[in-house]
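The values are calculated or read from the model by the stated rules, or taken from the named source; none is laboratory data. These numbers were taken from a predicted model, which means no experiment stands behind them. Neighbour counts are summed over all protein chains in view; Cβ atoms, including those assigned to glycine, are modelled from backbone coordinates with ideal geometry.
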Amino acid sequence: MRNVRVASVSFTGVGRFNTIRGTIEGNVREMVKLLERVCICDKPDIVCFPEHSPTIGLSLEDGVKTAEENPGEIFSKIAPIAKKYGVYVVCPMYEKKNGHIYNAAVLIGRDGEYVGSYYKIHPTVDEIEGGITPGVEPKTFKTDFGTIGFAICFDLNFEDVIKGSVENGAELILFPTMYRGGLQLKIWAFKYGVYFASTFAGEGSMIVDPLGRTLAVSSMHSPIICKTINLDYEILHIDYNWRKWDSIKEKYGPNVEIDVSSPEGVFMLISNLKNVSVKDIIYEFQLETRKEYFHRSIKIREEALKKIRSGRTHLMNLPFFTSPSHESIKI
């Protein structure tokens, strides 16, 4: 069992002040208030804000001008709250590094220290022309509850970001954004068997499970959403595995969940046990994950095709073989 409380704050900004600095200061003050609120009321393990939250309300040109290195001034306002409540915070912002400006998701640790930044791999055309440098890798971070990855807004349209994050171990992908994502979130969550938590600057932030099902959605009435998810899970195909379900439940009862998504032919195996992980259960009952099953299917198909090709080659070497359409030969 690896339960984690994930919170998404649909922060919309406080509007444009008379100055660029005034807008940023107003946004950051409100972010601090919302962060305090969610920490007190929901006791999350990780909180995520929308894309470039401190500069919401500013133009791209003005936002880029305010980019700062981390830990910086904006970081110094958010970090103490993270430390006070012992929570990870994702503060998306424009970040300056080595002379370049990035659209970043900045991760602050439970201790208020700078953990690292993910840089948006696929900025929009306007962003690039406006001075944003594209990131180059789907960076992931190990936390005390599991491994997290990121996608920022336009990134969601490109599979290399999601695939790369999962290949790097991501179990939960945070998605700070300026568009909702909708069906795309569910598609990637299902295809790669990973949790998603989006944070949109308005209604429609979502927390989605690895079966592509929506667990929570924000609205104007509830801009803060928070869910407990268990990262001790695995996605498996129903084929061959279903015969072992009864034995698993007979031994572990309600401490192990078998969550079936019948239309897609898959299920999510979840362990709520402290000392027995999903990997232990898979090994004990000789189960096959969806990924393993698909790889085995591809391998068996390739072996079958090799046999067919080998048989054709043998026939073509026979003295009476003239062509594949020869009436005396049926392949």
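Look at Cys91 and say whether it is at pLDDT 95 or above, assigned to a helix (DSSP H, G or I) and surrounded by 17 or more Cβ atoms within 10 Å (Cβ to Cβ).
So Cys91 fails the test.
Step by step: first the residues of region 24-81, then only those that are free of Cβ contacts under 8 Å to residues at least 40 places away in the same chain, among the small types (Gly, Ala, Ser) and outside any loop (DSSP other than H, G, I, E, B), then the one that is nearest to Ile152 (Cα to Cα). Which residue is that?
The selected residue is Gly63.
Can you list the helices (runs of 4 or more DSSP H) lying wholly within region 123-220 that have 3 or more residues being of a type in the set (Asp, Glu)? Talk me through it step by step, then tell me what you get.
Details: elements: 125-129, 159-167, 183-192.
In region 123-220, the matching helices (runs of 4 or more DSSP H) lie at 125-129, 159-167.
Among the residues of region 5-22 satisfying the criterion of being under 14 Å from Leu35 (Cβ atoms) and outside any strand (DSSP E or B), which is nearest to the chain's Cα centre (by Cα)?
Checked region 5-22; the qualifying residue nearest to the chain's Cα centre (by Cα) is Ser10.
Given the criterion of a type outside the set (S, T, N, Q), more than 22 Å from the chain's Cα centre (by Cα), closer than 18 Å to Tyr118 by Cα and assigned by TED's automatic domain parsing to the domain that holds Ser117, identify the matching residue among Pro54, Pro50.
Details: Pro50 fails: more than 22 Å from the chain's Cα centre (by Cα).
After ruling out the rest, the residue left standing is Pro54.
Out of all the residues in region 1-49, which are at positive phi and in contact with a Gly (Cβ under 8 Å, 6 or more places away or on another chain)?
Hits for region 1-49 are Gly13, Gly15.
Which one is farthest from Pro176 (Cα to Cα), of the residues in region 221-244 that are aliphatic (A, V, I, L, M) and in a strand (DSSP E or B)? Don't jump to the end; show me each part of the working.
Keep residues of region 221-244 that are aliphatic (A, V, I, L, M), which gives 224-225, 229, 231, 235-236, 238.
Now restrict to residues that are in a strand (DSSP E or B): 224-225, 229, 235-236.
Details: Ile224: 14, Ile225: 14, Ile229: 19, Ile235: 25, Leu236: 29 Å.
My answer is Leu236.
What are the pairs with Cβ atoms under 7 angstrom where one residue, in region 171-196, is under 18 Å from Phe145 (Cα atoms) and modelled with pLDDT under 95 and the other, located anywhere, is among the hydroxyl-bearing types (Ser, Thr, Tyr) and crowded, with 19+ Cβ neighbours inside 10 Å? Sequence gap at least six, or different chains.
Partner pairs satisfying both residue conditions: none exist.
Checking the condition closer than 19 Å to Phe141 by Cβ and surrounded by fewer than 23 Cβ atoms within 10 Å (Cβ to Cβ), which residue from Gly86, Gly57, Gly99 passes? Talk me through it step by step, then tell me what you get.
On the way: Gly57 fails: closer than 19 Å to Phe141 by Cβ; Gly99 fails: closer than 19 Å to Phe141 by Cβ.
Exactly one of Gly86, Gly57, Gly99 is closer than 19 Å to Phe141 by Cβ and surrounded by fewer than 23 Cβ atoms within 10 Å (Cβ to Cβ), namely Gly86.
Considering only residues of region 200-227 that are of a type in the set (Val, Ile, Thr) and in contact (Cβ under 8 Å) with a residue 40 or more places away in the chain, which is surrounded by the most Cβ atoms within 10 Å (Cβ to Cβ)?
Restricting attention to region 200-227, the residues satisfying the condition of being of a type in the set (Val, Ile, Thr) are 207-208, 214, 217, 224-225.
When the remaining residues are screened for being in contact (Cβ under 8 Å) with a residue 40 or more places away in the chain, the result is 207, 224-225.
Details: Ile207: 25, Ile224: 19, Ile225: 23.
Selected residue: Ile207.
Out of (1) within 23 Å of Arg21 (Cα to Cα); (2) out of contact with any strand residue (DSSP E or B) (no Cβ under 8 Å at 6 or more places or on another chain), the odd one out for Glu113 is which?
So the condition that Glu113 fails would be (1).
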